[in-house]
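J.: One structure is given below, represented as structure tokens, and several questions about it will come after.
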Amino acid sequence: MVLPGNTVTAPLASMEPEDDAYAFAYVRALQANGINIACAVANDTGPELPRLLLDVAARVFIPVTAVDDCDG
């Protein structure tokens, strides 16, 4: 079986430290069932929150949780 190479077509743009902080604050609030805090973070972050969450997922969660497709 031949595995495809890297399918990323463009490098990820750099993130500002506060972007990371907002994204993780939102995720932590949701994990703690703190909907009011999550809403406050979302309001502070503004409409770019979905992009920040996707950026964090692409940089942290997907590489860390990816399953190796090798048979060995």
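Each reported figure results from applying straightforward, stated rules to the coordinates on display, with no laboratory input. The structure displayed is predicted, hence computed values, not measured ones. Cβ: placed from backbone, ideal geometry, glycine included. Neighbour counts: every protein chain shown.
J.: Within 14 Å, Cβ to Cβ, of Arg59, how many net charges do the neighbouring residues add up to if Lys/Arg are +1 and Asp/Glu are -1? Write out the running numbers ahead of the final one.
T.: Numbers: positive: Arg51; negative: Glu16, Asp19, Asp20, Asp55.
The answer is -3.
J.: A follow-up question, please. At 0.36 nm per residue, minus the direct Cα-Cα distance, what do Leu30 and Phe61 gain on full extension? Give it in nm, one decimal, please.
T.: On the way: separation 31, 0.36 × 31 = 11.16 nm, distance 1.61 nm.
The Leu30-Phe61 span can extend by a further 9.5 nm.
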